[in-house]
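Asks: There's a structure below that I have some questions on.
The values are calculated or read from the model by the stated rules, or taken from the named source; none is laboratory data. Since the model is a prediction, treat every value here as computed from it, not as a measurement. Cβ sites come from the backbone with ideal geometry, for glycine too, and all protein chains shown count toward neighbours. In case anyone asks, the SASA skips ligands and DNA or RNA and just uses the protein heavy atoms, side chains included. Shrake-Rupley method; radii C 1.70, N 1.55, O 1.52, S 1.80 Å.
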Amino acid sequence: MTATSPIRPTDDEARALARRLIDHSHFGALGVVDPDTGSPMVTRVAVGTDAAGRPVSLVSDLSNHTRALKANAACSLLVGEPTEKGDPLTHP
């Protein structure tokens, strides 16, 4: 049995799908590294896009993820839309 890579080539169709996901998502999961423990930390954030189509989010100095980003700017963002049940910032 030969192993098949789960990673598909990035083609124009994949790029268009990614663009649609970014353009139509209003929420995301922001992954950062906790500066105190070095552990991963994920928080749900509101996202939008800037004039160039890049994902952006407003952050507050009161949040733990802002402190983490100031210590280490490396992060990840998983965009998507939750179901229509209540406030998406309270979803698990």
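Asks: Within region 18-40, count every residue that is open to solvent by 40 Å² or more (accessible area, probe 1.4 Å), in a strand (DSSP E or B) and within 13 Å of Arg67 (Cα to Cα). Working first, answer last.
Replies: Step one: list which residues in region 18-40 are open to solvent by 40 Å² or more (accessible area, probe 1.4 Å), which gives 18-24, 26-27, 33, 35-40.
So of that shortlist, the ones also in a strand (DSSP E or B) come out as 27, 33, 40.
The next check asks that each one be within 13 Å of Arg67 (Cα to Cα); those that pass are 33.
So the count comes out to 1.
Asks: Could you please give the count of residues in region 67-92 that are exposed (fewer than 14 other Cβ atoms within 10 Å of the Cβ), modelled with pLDDT of 90 or more and more than 18 Å from Leu21 (Cβ to Cβ)?
Replies: 5
Asks: Then there's this: Of these, Ala14, Ala52, which one is closer than 20 Å to Val79 by Cβ, open to solvent by 60 Å² or more (accessible area, probe 1.4 Å) and of a type in the set (A, V, I, L, M)? Please lay out each step first, then the result.
Replies: Numbers: Ala14 fails: open to solvent by 60 Å² or more (accessible area, probe 1.4 Å).
Answer to the selection: Ala52.
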